[in-house]
Structures are given as C-alpha cells and as structure tokens.
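The values are calculated or read from the model by the stated rules, or taken from the named source; none is laboratory data. Bear in mind the structure is a predicted one, so any value in this text is a computation, not a measurement. In this analysis, Cβ positions are derived from the backbone assuming ideal geometry, glycine residues included, and neighbour counts consider all displayed protein chains.
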Amino acid sequence: MSINFEALDLRAFISVVELGGFHRAAEALNMSQPALSRRIQRLESAVGAALLERTTRRVALTMVGREMLPLVRRMLDEFDSSIFAMRDLGSRRAGLIALACVPTAAFYFLPSVIARFQAQ
C-alpha cells in the first residue's frame, strides 16, 4: 500500500480544523478552495478514512480525524524542528583548520583563542 501525501496536506488539515472551515483555511494558505479540498481528499485517501464531516455550514472532525489531529501536529512539529536543525547544521562550516605560530604563542596565547573559537 502506497502512502502518498505531502506536508502541505497535513498543514491544510490542521488549518481547516483550526480556522473552522475551508474558506478561511484556503485564504490563510493562499490557495483556492478546490485545491484545498483536493489536499484533504488526498490525505483522507492515504489514511483510508474520512477526517472531516462537511456540511454547507460547518466542518467537524470525524472520530478518525480527532485521533489523527494530535498525531499530525506532532509530526509537523518534528518535521519543522528537523528542517530548522538541518538548516543550522548546513550553515555551519566544518573541516580542519591548519594553524602555524611560534612556540611561545602556541603555549601562552593559542589555548584561549581555540577555546573561544570552540565556544562559538
């Protein structure tokens, strides 16, 4: 069985729930209501169950939707944290530094410089 959905599908689900409907969620996500509806349908298809009960007046979580909501929030929190951590890691420079200096500087001056460098 193939699980086929995107992080934006998960964000769409949370937006619909938090904002109380497709119209507000579509505006908040800068997408059309049909595009938002397709994202929710794709997520429901991947899960194999309806997540939302839709009427002309309101949107409510199904039993599966209620169970899934905290899981989706945790997944997105972990996903966002991972992306931020990788960005931080990617922005750091890694490698070897070759340093040459006279023995007196190596003994008296260099240890404090290296300690400050490592602290950064």
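General remarks:
- Selection status of residue 12, outside any helix (DSSP H, G or I) and of a type in the set (Gly, Ala, Ser): no
- Residues in the stretch 61-74 that are in a helix (DSSP H, G or I) and surrounded by 12 or more Cβ atoms within 10 Å (Cβ to Cβ): 64, 65, 66, 67, 68, 69, 72, 73.
- Among (1) surrounded by 10 or more Cβ atoms within 10 Å (Cβ to Cβ); (2) touching a residue at least 40 places away in the same chain (Cβ under 8 Å), the one test that residue 3 misses: (1)
- Selection status of residue 85, among the aliphatic types (A, V, I, L, M), closer than 28 Å to residue 4 by Cα and at pLDDT 90 or above: no
- Against the test of being assigned to a helix (DSSP H, G or I), surrounded by 10 or more Cβ atoms within 10 Å (Cβ to Cβ) and under 18 Å from the mean Cα position of the chain (by Cα), the options 77, 88 yield a single qualifying residue, 77.
- Residue match in the stretch 47-60 (condition: β-branched (Val, Ile, Thr), under 22 Å from the mean Cα position of the chain (by Cα) and surrounded by 12 or more Cβ atoms within 10 Å (Cβ to Cβ)): yes
- Residue within the stretch 97-109 that is closer than 30 Å to residue 14 by Cα and not hydroxyl-bearing (Ser, Thr, Tyr) present: no
- Verdict on residue 83 being β-branched (Val, Ile, Thr) and surrounded by 13 or more Cβ atoms within 10 Å (Cβ to Cβ): no
- Subset of the stretch 30-44 that is surrounded by 13 or more Cβ atoms within 10 Å (Cβ to Cβ) and not aliphatic (A, V, I, L, M) - its residue that is nearest to residue 68 (Cα to Cα): 44
- Among the residues of the stretch 42-67, those that are aliphatic (A, V, I, L, M) and touching a residue at least 24 places away in the same chain (Cβ under 8 Å) comprise 43, 46, 51, 52, 59, 61.
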